[in-house]
Amino acid sequence: MTTTTTRTLTVHHDGVTIPVSRGGRGRPLVLCPGLSSTQADLGELTELLRRDHHVVTFDLRGHGLASAADRYTFDAFLGDLGAVLGELTLPEAPVLVGYSLGADLAVHHAAAHPDAVAGLVLVDGANPLPEPFLADVDLAWFRELAGEQATGPLTAEEIFDLGVEIDVVRAGILDRYLGIDGPITMIMSAAIAGASDEGRAPRHNRLWRAGVERLVAARPDIAAHWLDADHRLAFTHAPEIARIVRSVTRC
């Protein structure tokens, strides 16, 4: 395997220190992690992409090696992405690859700064759902999940509140897509909630597909790729994701 030199820097923003890593060669690509995931978690995907891309990775506030913060909201995380991009000196506008919440951040940033983004690859996020993902019946389950994910600075209650906020963000994200001219590719899990035919899984899986169908109906130019995976696809299916990214970012 070819090795590449990796450089690191620290971005200071909104009282937070954000660790950034960059390495590889080729077209610039910025990889944005999601809620409760880090650049280290995306290490396999990063190394695969660095074979033919200059890949920038970072940690969102309260995640990985980034410092804790006073607030954890969608807008705060969006500010982190903007701060990282603002500190980079790149030879051309980057492609943004976002996973889960990172996909939503990438869409919002691209809509606000269309000339600064060459394209989007969105991995299992930024889905314009026709109804909330977290129905009342799901809240107890999600609160328990938030407790399991609260292993860092973010508390279970903060993770729970973010999940509810993301539902609100996705309710209006279709309008953001309509303001983006660049190429957009979706890489989605066919069974975001798992393959079970019982419990919440069937509804969540149907809703996930319905959101993408809604998006493609509004933007037929958007390509959607479905992987036989759940929401962990960025970790379990890194080679497949890297191949798709490579195919759509080839100059």
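Structure notes:
- The chain: relative contact order in percent, alpha carbon pairs under 8 Å with at least 6 residues between: 18 percent
- Taking amide H as placed 1.01 Å from N in the peptide plane, ILE222 has no amide H partner under 5 Å among residues 5 or more places away or on another chain.
- Debye equation applied to the C-alpha atoms of the chain, log10 I(q)/I(0) at 0.08, 0.13, 0.17 Å⁻¹: -0.28, -0.78, -1.40
- Take 30-40, 151-161 and order them by the average number of nearby Cβ atoms within 10 Å per residue, most first; the result is 30-40, 151-161.
- In terms of Cα atoms, the Rg and Dmax of the range 142-251 work out to 15.9, 45 Å.
- Bridge type composition, the chain - antiparallel percent by DSSP, nearest 5: 35 percent
- For the range 31-132: rounded, prolate or oblate by the Cα gyration tensor [a/c cutoff 1.5]: rounded
- Fluctuation leader among ALA140, ALA224, ALA103 - the chain, Gaussian network, Cα springs under 10 angstrom: ALA140
- Length added when fully stretched, ARG51-GLU157, from 0.36 nm per residue minus Cα-Cα: 34.2 nm
- For the range 66-199: rounded, prolate or oblate by the Cα gyration tensor [a/c cutoff 1.5]: oblate
- Residues with amide H under 5 Å from that of THR17, placed H, sequence gap 5 or more: SER67
Read the figures in this text as sums done on the coordinates, not as results from a lab. A quick note: this is a predicted structure, and the numbers were derived from the prediction, not measured. FYI the Cβ positions are ideal-geometry reconstructions off the backbone, even for glycines, and counts take in every protein chain you see.
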